[in-house]
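Asker: Have a look at the structure that comes next, please.
Values in this text are rule-based calculations from the coordinates and carry no lab data. All of these numbers come straight from a predicted model, not from anything done at the bench. Ideal geometry is used to build each Cβ from the backbone, glycine not excepted, and the neighbour counts take in all protein chains shown.
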Amino acid sequence: MKALILAGGLGTRLRPLTFSMPKPVVPLAGRPMVRHIIDPLPQEVDTVILAVSYMKDYLERYFQENDVGREIVLVNEDEPLGTGGALKNVSRWLDDTFFAFNGDVICSLDLRAMLEAHRKRRGIGTMALWSVDDPSAFGVVATDGSGRITMFQEKPAPGEEASNSINAGAYIFEPELLDHIPDGVVSLEREVFPHVLHRGLYGHAFKGYWVDAGTRESFLRAQRILLDASGGRVACPVRRLAGVHVVGSNLIEATHVEPSTIGPNVYLEGGARVGRGAVISDSLVMAGAVIGRGATISGSMIGPGAVVEDGAVISDTILA
Ligand code: GTP
């Protein structure tokens with residue numbers, strides 16, 4: 001079975017970090033973002049197709065250097081074709097039921113259960129649905145009593161939403177869906193789904209967690225969920241953390257950490273350096289980054305080339 005991951009976006013909301021690395025490889029709680037989709041795929045998925053465009057060479061290098069246990073096929077778009085166009089562009093690879101994912105989705109969806117439900121219903125597709133209190137910023141989906149999707153609303157005005165269920169960006173499709181996608185730049189959500197409802201597009205609700213991790217806030221929210229779930233790991237020898245005050249769940253791989261306060265929700269990637277007296281919370285500090293003595297960092301993503309000066313105060317910021 002094959003899985004398709006949409007990974008060709010520019011990632012503008014994670015700039016300036018995404019000027020030098022594509023969003024799928026930004027490290028999230030110990031692994032590149034895209035690995036959070038690839039690693040939990042059911043065993044029967046032997047091939048993962050990545051629809052790429054922006055910084056495809058970077059992604060190619062990552063998969064050459066890292067064996068993820070499945071065949072990886074990168075299919076390039078010269079120009080980003082949108083979510084529907086990207087699917088159409090990989091048609092030749094898709095000759096049987098396949099998974100498809102928006103590459104930003106970090107969630108607890110049980111893919112086996114969803115596949116079972118899809119096979120029972122025999123529709124053209126099944127869409128994972130997540131329930132939110134305020135769906136006005138999302139693609140809203142209404143279903144009938146049998147779970148069949150009856151209507152889509154893109155970002156409805158508050159009070160006008162047809163339901164609290166939103167498109168979670170994880171799907172199972174039959175190849176027949178590809179026949180309904182026109183050539184060129186096409187949005188799956190706006191230009192394809194509304195036209196295939198008569199063929200049976202079903203919703204699959206799930207519980208647990210779901211985050212579209214494409215912004216700084218949502219990325220750090222996803223990090224918090226994953227770190228809390230893992231109980232907070234310290235990957236470097238504890239003696240190297242002498243004098244470090246650790247608060248809450250964190251992932252500390254960095255080996256050069258002077259006495260400082262770390263946490264909650266901090267991922268210090270291997271190779272990051274933290275100076276004496278620094279206070280870091282709710283942040284990602286990537287390999288190569290240097291946090292100066294007495295600096296305070298919160299709500300931030302600190303990229304591999306960043307040097308934070310001694311005593312600096314950085315909050316709610318992305319540094320490259
Ligand atoms: P922003 O620029 O910050 O909005 O990020 P983005 O470019 O990633 O766009 P968005 O978050 O809306 O995209 C959702 C998912 O679809 C991401 O995984 C993108 O990589 C992917 N995606 C968006 N547009 C395209 C496209 O034209 N082609 C391909 N292959 N993937 C896309």
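Asker: Considering the range 293-320 alone, what residues qualify as being part of a loop (DSSP other than H, G, I, E, B) and under 20 Å from the mean Cα position of the chain (by Cα)? Walk me through how you get there before you give the answer.
Answerer: From the range 293-320, those part of a loop (DSSP other than H, G, I, E, B) are 293-295, 299-300, 303-306, 309-312, 316-317, 320; that's our starting set.
Answer for the range 293-320, where residues must be part of a loop (DSSP other than H, G, I, E, B) and under 20 Å from the mean Cα position of the chain (by Cα): Gly299, Ser300, Gly303, Pro304, Asp316, Thr317, Ala320.
Asker: Out of (1) more than 23 Å from Thr215 (Cα to Cα); (2) of a type in the set (A, V, I, L, M, F, W, C); (3) exposed (fewer than 15 other Cβ atoms within 10 Å of the Cβ), the odd one out for Ala295 is which?
Answerer: Every listed condition holds for Ala295 apart from (3).
Asker: Which one of these is of a type in the set (A, V, I, L, M, F, W, C), surrounded by fewer than 20 Cβ atoms within 10 Å (Cβ to Cβ), assigned to a helix (DSSP H, G or I) and away from the ligand (no atom under 16 Å from the Cβ): Ala117, Ala157, Ala162? Let's see the steps before the verdict.
Answerer: Numbers: Ala157 fails: assigned to a helix (DSSP H, G or I); Ala162 fails: assigned to a helix (DSSP H, G or I).
Being of a type in the set (A, V, I, L, M, F, W, C), surrounded by fewer than 20 Cβ atoms within 10 Å (Cβ to Cβ), assigned to a helix (DSSP H, G or I) and away from the ligand (no atom under 16 Å from the Cβ) holds for just one of Ala117, Ala157, Ala162, which is Ala117.
Asker: Also, I was wondering about something else. Can you find even one residue in the range 14-35 that is of a type in the set (A, V, I, L, M, F, W, C) and closer than 26 Å to Gly125 by Cβ? Spell out the reasoning first.
Answerer: Narrowing the range 14-35 to residues of a type in the set (A, V, I, L, M, F, W, C): 14, 17, 19, 21, 25-26, 28-29, 33-34.
Retained after the next criterion (residues that are closer than 26 Å to Gly125 by Cβ): 33-34.
Looking through the range 14-35, at least one residue is of a type in the set (A, V, I, L, M, F, W, C) and closer than 26 Å to Gly125 by Cβ.
Asker: Of all residues in the range 195-217, count the ones that are among the hydrophobic types (A, V, I, L, M, F, W, C) and either assigned to a loop (DSSP other than H, G, I, E, B) or under 13 Å from the mean Cα position of the chain (by Cα) (or both). Don't jump to the end; show me each part of the working.
Answerer: Start the filter on the range 195-217 by keeping residues that are among the hydrophobic types (A, V, I, L, M, F, W, C), which leaves 196-197, 201, 205-206, 210-211, 213.
Okay, now just the ones that are also either assigned to a loop (DSSP other than H, G, I, E, B) or under 13 Å from the mean Cα position of the chain (by Cα) (or both), so 196, 206, 210-211, 213.
Adding up the residues that qualify gives 5.
Asker: Taking the condition of being over 13 Å from Asp104 (Cα atoms) and assigned to a helix (DSSP H, G or I), how many residues in the range 13-44 meet it?
Answerer: We begin by selecting, within the range 13-44, every residue over 13 Å from Asp104 (Cα atoms); these are 15-21, 29-31, 39-44.
Within this subset, residues satisfying the condition of being assigned to a helix (DSSP H, G or I) are 17-20.
Qualifying residue count, the range 13-44: 4.
Asker: If you go through the range 46-56 one residue at a time, how many are near the ligand (Cβ under 9 Å from one of its atoms) and surrounded by 23 or more Cβ atoms within 10 Å (Cβ to Cβ)? Please lay out each step first, then the result.
Answerer: We begin by selecting, within the range 46-56, every residue near the ligand (Cβ under 9 Å from one of its atoms); these are 50-54.
Adding the requirement that they be surrounded by 23 or more Cβ atoms within 10 Å (Cβ to Cβ) leaves 50-52.
Adding up the residues that qualify gives 3.
Asker: Checking Val75 against (1) within 9 Å of the ligand (Cβ to nearest atom); (2) in contact (Cβ under 8 Å) with a residue 40 or more places away in the chain; (3) touching a strand residue (DSSP E or B) at 6+ places or on another chain (Cβ under 7 Å); (4) among the aliphatic types (A, V, I, L, M): exactly one of these is not met. Which one?
Answerer: All conditions pass for Val75, except number (2).
Asker: Right, something else. Just to verify a result, which residue in the range 1-45, among those that are β-branched (Val, Ile, Thr) and near the ligand (Cβ under 8 Å from one of its atoms), is surrounded by the fewest Cβ atoms within 10 Å (Cβ to Cβ)?
Answerer: Within the range 1-45, the subset β-branched (Val, Ile, Thr) is 5, 12, 18, 25-26, 34, 37-38, 45.
If we keep only those that are near the ligand (Cβ under 8 Å from one of its atoms) too, we end up with 5, 12, 18.
Values: Ile5: 23, Thr12: 11, Thr18: 21.
It comes out as Thr12.
Asker: Of these, Tyr54, Tyr58, which one is within 28 Å of Ala320 (Cα to Cα), of a type in the set (Phe, Trp, Tyr) and outside any loop (DSSP other than H, G, I, E, B)? Please lay out each step first, then the result.
Answerer: Details: Tyr54 fails: outside any loop (DSSP other than H, G, I, E, B).
Matching residue, one of Tyr54, Tyr58: Tyr58.
Asker: Considering the range 120-154 alone, what residues qualify as being assigned to a strand (DSSP E or B), surrounded by fewer than 21 Cβ atoms within 10 Å (Cβ to Cβ) and of a type in the set (A, V, I, L, M)?
Answerer: Correct list: Ala142, Met151.
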